[in-house]
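Engineer: Below is a structure I'd like to ask you about.
The values are calculated or read from the model by the stated rules, or taken from the named source; none is laboratory data. Every value quoted in this text rests on a predicted model; they were computed, and no experiment measured them. Cβ coordinates were reconstructed from backbone atoms using ideal geometry, including for glycine residues, and neighbour counts include every protein chain displayed.
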């Protein structure tokens, strides 16, 4: 049960009068580079609803970008946080450690699809996790080069901007970037028409020619590319890349920051193709909305960094660790992996039905509660970013939090909380499809 009514309600236009006042204050106090999708301000959130300062109740199809998988105020998360805050908020694990950090590491060793003996280091953000995974891979291999893929998104720090493929808004005017980062074509079935084996052969050929396998410390990839457009690679692509990495002593890093913690209908998206990464990075859904990230990997790789080489003042904060344990318990107790698969059944079915009637829907793709609609020019198949923006804006005005993504800006992404009610999910989909029909 949720304390917040699970129904969409528009008490005012969006933004309402109170939100408009706050937007003026935001413009005066916050830099323009920090932009927001919805022109309003949250006061409560639970289940599939976010309530704003003007009393509007909005259907949440974004989950704070795949963070509140268990909902924005899950009971076990709240209880764990309240208990921990009353005990202590910080000691720094590198100074005076605490059990919560160890318990999270033990749980990730149990859950993540990394074979053998496993170690975990905790940090604050996804970008931090990626940076530290690269540090560990370089220490282990004694090599420097790192390879990422077209359409990748790995973060906004100097190194992770280099790994990220999209210029606007993530890289433009922010260079120079970290060196020894290389890029290969990945697998984008809608646009390259290649099966998994052919796409992997192309990528491997590029890396061997441009970099040389003997120079690569790591290859990093999202099992389903997030900001790049929710691109699921063709079957067989990921296993082929993993096999090549293993044959050449290259650390394979799976970036499951957006795909992890039941989002795709499994605990982790790697499980769908049966691959075992050497290192897996996680964040977002790990702690029910509190800042926490993790680098989990094979023990011999993770132990390559010298003592004191990994860490950070706030990494694995005790309150965030308590939230993570509550979030993991919620996923297990409420079988949210099954709920993600049910969301896919409802949403993908509804969207593919619409696709049969509307040639502007170029593809419906994704897994679990990580689904995307790619909008195109029906005559040429070219990406239609203008249409995508118009549909998203209309849906938001109607009270549905709708996110877009994609290298070409033409993808509507659906990331509802796994706790959303089926009636709310269906209503949100209807509003998006009505907006598309009217565009």
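Engineer: Please determine whether any residue of the stretch 283-295 is in the same structural domain as residue 249 (by TED's automatic domain parsing), over 23 Å from residue 78 (Cβ atoms) and surrounded by fewer than 24 Cβ atoms within 10 Å (Cβ to Cβ).
Structural biologist: no
Engineer: Next question. Only one residue in 60, 54 is touching a helix residue (DSSP H, G or I) at 6+ places or on another chain (Cβ under 7 Å) and on the phi < 0 side of the Ramachandran plot. Which one?
Structural biologist: The match here is 54.
Engineer: Among what's in the stretch 189-212 and is free of Cβ contacts under 8 Å to residues at least 40 places away in the same chain and in contact with a helix residue (DSSP H, G or I) (Cβ under 7 Å, 6 or more places away or on another chain), pick the residue that is nearest to residue 372 (Cα to Cα).
Structural biologist: 192
Yes/no per residue for (1) out of contact with any helix residue (DSSP H, G or I) (no Cβ under 9 Å at 6 or more places or on another chain); (2) at pLDDT 95 or above; (3) under 23 Å from residue 226 (Cβ atoms):
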{"residue": "369", "(1), (2), (3)": "no, yes, yes"}
{"residue": "388", "(1), (2), (3)": "yes, yes, yes"}
{"residue": "399", "(1), (2), (3)": "no, yes, no"}
{"residue": "406", "(1), (2), (3)": "no, yes, yes"}
{"residue": "416", "(1), (2), (3)": "no, yes, yes"}
{"residue": "420", "(1), (2), (3)": "no, yes, yes"}
{"residue": "423", "(1), (2), (3)": "yes, yes, no"}
{"residue": "429", "(1), (2), (3)": "no, yes, yes"}
{"residue": "432", "(1), (2), (3)": "no, yes, yes"}
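Engineer: Next question, about the same structure. Any idea which of (1) more than 20 Å from residue 64 (Cβ to Cβ); (2) in contact (Cβ under 8 Å) with a residue 60 or more places away in the chain; (3) part of a helix (DSSP H, G or I); (4) touching a strand residue (DSSP E or B) at 6+ places or on another chain (Cβ under 7 Å) is the one residue 436 doesn't satisfy?
Structural biologist: For residue 436, the exception is condition (4).
Engineer: Still on this model: Exactly one condition in (1) in contact with a strand residue (DSSP E or B) (Cβ under 9 Å, 6 or more places away or on another chain); (2) at positive phi; (3) surrounded by fewer than 17 Cβ atoms within 10 Å (Cβ to Cβ) is not met by residue 359; state its number.
Structural biologist: All conditions pass for residue 359, except number (2).
Engineer: Out of 239, 235, I need the residue that is under 30 Å from residue 419 (Cα atoms), more than 20 Å from the chain's Cα centre (by Cα) and surrounded by fewer than 23 Cβ atoms within 10 Å (Cβ to Cβ). Which one?
Structural biologist: That would be 235, the only listed residue that is under 30 Å from residue 419 (Cα atoms), more than 20 Å from the chain's Cα centre (by Cα) and surrounded by fewer than 23 Cβ atoms within 10 Å (Cβ to Cβ).
Engineer: Let me ask something else about it. Name the one entry in 106, 75 that is within 22 Å of residue 315 (Cα to Cα), under 24 Å from the mean Cα position of the chain (by Cα) and surrounded by fewer than 23 Cβ atoms within 10 Å (Cβ to Cβ).
Structural biologist: Among 106, 75, only 106 is within 22 Å of residue 315 (Cα to Cα), under 24 Å from the mean Cα position of the chain (by Cα) and surrounded by fewer than 23 Cβ atoms within 10 Å (Cβ to Cβ).
Engineer: Given the condition assigned by TED's automatic domain parsing to the domain that holds residue 213, under 30 Å from residue 421 (Cβ atoms) and without any contact (Cβ under 8 Å) to a residue 60 or more places away in the chain, answer yes or no: does some residue in the stretch 77-85 qualify?
Structural biologist: Yes, the stretch 77-85 has at least one match.
Engineer: Any idea which residue in the stretch 363-411 is nearest to residue 432 (Cα to Cα), counting only those that are assigned to a helix (DSSP H, G or I) and in contact with a strand residue (DSSP E or B) (Cβ under 6 Å, 6 or more places away or on another chain)?
Structural biologist: Ranking the qualifying residues of the stretch 363-411, first place goes to 392.
Engineer: Moving to a separate point now. Does the stretch 267-274 contain any residue that is assigned by TED's automatic domain parsing to the domain that holds residue 207, buried (at least 19 other Cβ atoms within 10 Å of the Cβ) and free of Cβ contacts under 8 Å to residues at least 60 places away in the same chain?
Structural biologist: Checking the stretch 267-274: not a single residue is assigned by TED's automatic domain parsing to the domain that holds residue 207, buried (at least 19 other Cβ atoms within 10 Å of the Cβ) and free of Cβ contacts under 8 Å to residues at least 60 places away in the same chain.
Engineer: Among the numbered criteria (1) more than 19 Å from residue 334 (Cα to Cα); (2) surrounded by fewer than 16 Cβ atoms within 10 Å (Cβ to Cβ); (3) touching a residue at least 24 places away in the same chain (Cβ under 8 Å); (4) touching a strand residue (DSSP E or B) at 6+ places or on another chain (Cβ under 9 Å), which one does residue 3 miss?
Structural biologist: (1)
Engineer: Of all residues in the stretch 140-188, which are touching a helix residue (DSSP H, G or I) at 6+ places or on another chain (Cβ under 7 Å), buried (at least 22 other Cβ atoms within 10 Å of the Cβ) and either over 13 Å from residue 219 (Cβ atoms) or not assigned by TED's automatic domain parsing to the domain that holds residue 215 (or both)?
Structural biologist: Within the stretch 140-188, 140, 155, 160, 187 qualify.
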